[in-house]
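Data block below; observations after.
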Amino acid sequence: MTATTAPEAALGVLPRADGSAKYSHAGYIVTASVNGPIEAQRRDEHPYEAHVDVIVRPAAGVGGTRERHLESILQSSLAQIILVRNFPRSLIQIVLQVEHSPENDYVNTKLVQANLNFAIMPALFQTAVLALLSAGVPMKATATATAVALSHQDGSKRTIVDPSPREVETAQSVHVLAFTSHDELLLAESEGDFTVKEWDDVYETASKVCCQSALQKEGIAMVLDDEDAGGPAMRHFLRSTMESKVAADLHWK
Amino acid sequence: MTTSGLSFTRPVFAKLSPHPYLLRNLSPSSPDARPARTNGRAPQEARPIHINASSLSHAHGSALVRTGDTTVICGVRGEILPVERIPQYRPLDTRKRNQDGGEGEMGAAVGRGELKDYDLLVPNIELATGSAPQFLPGVPPTPLAQTLSTRVYSLLHATGLVEAADLRIWYDPSKAKKEEGEDTNMEEGEEEEREEGDDERVVAYWVLYIDLLFVSFDGNPFDAAWAAVVAALRDTRLPVARWDPDREMVVCSRTERRKLNLRGLPVACSAVVFMEKEQGEVGTAAGEGRHWILLDPDRLEESLCREMITMVVDCSEGDTRIKNIEKQGGAVLGRELIRGYAGVAEGRWKQVREAMK
């Protein structure tokens, strides 16, 4: 069992970038830098909107096809929440460096893996959102993401939030869902073997993790004694991180 | 005289302002006109799929898949990989194999590990120059090609389509000796020999190189590519191979060929969401305005839509099992729409199954 601690984040860790964030959760540590709006290369230039460029660098080795796929997923989702129309003909560049990823002790670790890594997606997504907030890029909504795995063990179904690599491997199905702050489903990636009903349950769990603000959570905790929190309330986490950053920045006043 | 010179033909309109052009087609101003896409299809109408298997003579299996103007050809070629060439090779536990005949729930999990650890499935996708105007000659593989091959690779492993048992090449020393016609007193010694580790063992694996080439590209590449992969693997016949201990190499039979046992029939079904208002237009909140879900989009529609969904379903065991959902680039498709989309995907599954026959 790898670290199932609460997520941690630090904003503005890189002095030269417009915005940056370091985020660690479920064994993953990711640092992101955001630069933008800056001048776009001519081939990327769009006459009406900003080009969002996402670069993912793995913990070891150079990026392969898997990183290209992650980039395309993140790019299409982040371009939705950034107000790209505000900056025509420019570029917003997001660089995500994976610093540490949990290892699966049961298999030989290969440097180059083409398989899509589901567990890393929420960490990358969350770091990118935090870095965008730190850079002050105008966005129409923030977003939160989580990974959920369903596994069948001894005939009973188990829902695991933020699964470890081993759990991902043995799970029946793995899902990554991201929600905007308006409770809309922004991203849904699933793999494995499941039914519509099971997906629905996963949606329920994920929306609980992603969309619960602090107030609601307290209310539920009081009434239902919090049967199983399942995972950290991501939206609350995002908010409190920003609040503490702002408080620290305005300390001199 | 003033306006007569300003009448354009449909292709010119499509080129000049594609978004209003598609919008007007989907919501015609006169009530008697049927709302349709620019390609004449209804919003949830897919292009018919044509599959032609065994079209390549030098591959072990191949298929040509055509949906509308998207044509993709897939060739599967098996190569032999001796186990001594595999770094960090872990011999299979033969007892486990005998217990569940190789195919229990455990056997499947072990097999999947082998496929992944030894890279026994190698898909690659090439978008041929000239298949669509955006693909230029002499450039490295585009992000689209790389994304597609990752998706095919992930799905191949996640669905467990190919069974590792089909790719193992076994050598049984005791059987080989019997065939040579050893004396009867060998039978007594057999027990001892087994203890020496002369067990039946895997000597080599087949590696399947799955190469896809887009001959022409008109949107919805993943569905076509995945259908081609499945059709080509169904068509694959690998020669029966055995280990020749004298020459110390794997020899293939010239005449005997064996089919692969594929697990199920997963079918991909993609759609895009077309928004009435272009993204970021002033006063547009997400989810505002009308939207259409366009099944099996062509190149024009793909260029105008940001949100896309791909669902891979398998109904071959009666009930519908979802193998993969990929939804990104927008917030229109929520819980209800995705649930409803499973029904659309089922319909597509039936069409593709008919085409595969």
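Residues satisfying the criterion are absent from segment B:197-209 (criterion: part of a helix (DSSP H, G or I), on the phi < 0 side of the Ramachandran plot and under 16 Å from the mean Cα position of the chain (by Cα)).
Selection of segment B:311-357 for residues being surrounded by fewer than 22 Cβ atoms within 10 Å (Cβ to Cβ), touching a helix residue (DSSP H, G or I) at 6+ places or on another chain (Cβ under 7 Å) and within 12 Å of chain A (Cβ to nearest Cβ) yields B:Cys315, B:Thr320, B:Arg335, B:Arg339, B:Ala342. On the stretch given as segment B:333-351, residues that are among the aromatic types (Phe, Trp, Tyr) and under 14 Å from B:Pro266 (Cβ atoms) total 1.
In the set (1) within 14 Å of chain A (Cβ to nearest Cβ); (2) at pLDDT below 90, the condition left unmet by B:Glu200 is number (1).
Of the candidates A:Ser77, A:Ser101, the single residue that is surrounded by 16 or more Cβ atoms within 10 Å (Cβ to Cβ) and in contact with a Leu (Cβ under 7 Å, 6 or more places away or on another chain) is A:Ser77.
Restricting attention to segment A:88-111, and to residues there that are closer than 23 Å to A:Glu167 by Cβ and β-branched (Val, Ile, Thr), which single residue is modelled with the highest pLDDT? Here the answer is A:Val98.
Total residues in segment A:47-63 satisfying the condition of being more than 11 Å from every other protein chain (Cβ to nearest Cβ) and assigned to a loop (DSSP other than H, G, I, E, B): the figure is 6. Can you find a residue that is aromatic (Phe, Trp, Tyr), buried (at least 21 other Cβ atoms within 10 Å of the Cβ) and farther than 21 Å from A:Ala135 by Cα anywhere in segment A:27-34? Looking through segment A:27-34, at least one residue is aromatic (Phe, Trp, Tyr), buried (at least 21 other Cβ atoms within 10 Å of the Cβ) and farther than 21 Å from A:Ala135 by Cα.
Of the listed requirements (1) in a strand (DSSP E or B); (2) under 28 Å from A:Ile81 (Cα atoms); (3) without any contact (Cβ under 8 Å) to a residue 60 or more places away in the chain; (4) within 12 Å of another protein chain (Cβ to nearest Cβ), A:Ile160 misses just one: (4).
A single member of A:Ala178, A:Ala149 is under 17 Å from B:Ser154 (Cβ atoms) and either touching a residue at least 60 places away in the same chain (Cβ under 8 Å) or part of a strand (DSSP E or B) (or both), and it is A:Ala149.
The requirement of being assigned to a strand (DSSP E or B), in contact with a Gly (Cβ under 8 Å, 6 or more places away or on another chain) and in contact (Cβ under 8 Å) with a residue 12 or more places away in the chain is satisfied by A:Leu186. For segment A:164-179, a residue qualifies if it is of a type outside the set (A, V, I, L, M) and surrounded by fewer than 23 Cβ atoms within 10 Å (Cβ to Cβ), and the qualifying residues are A:Ser164, A:Pro165, A:Arg166, A:Glu167, A:Glu169, A:Thr170, A:Gln172.
Per the listing A:Ala59, A:Ala3, A:Ala79, the residue uniquely out of contact with any helix residue (DSSP H, G or I) (no Cβ under 7 Å at 6 or more places or on another chain), at pLDDT below 95, over 19 Å from A:Val168 (Cβ atoms) and small (Gly, Ala, Ser) is A:Ala79. A single member of A:Arg66, A:Arg85 is at pLDDT below 95, buried (at least 20 other Cβ atoms within 10 Å of the Cβ) and either away from chain B (no Cβ under 14 Å) or not in a loop (DSSP other than H, G, I, E, B) (or both), and it is A:Arg66.
The values are calculated or read from the model by the stated rules, or taken from the named source; none is laboratory data. Not measured: the values here are computed from a predicted model. Neighbour counts run over all protein chains shown; Cβ positions are idealised from the backbone, glycine included.
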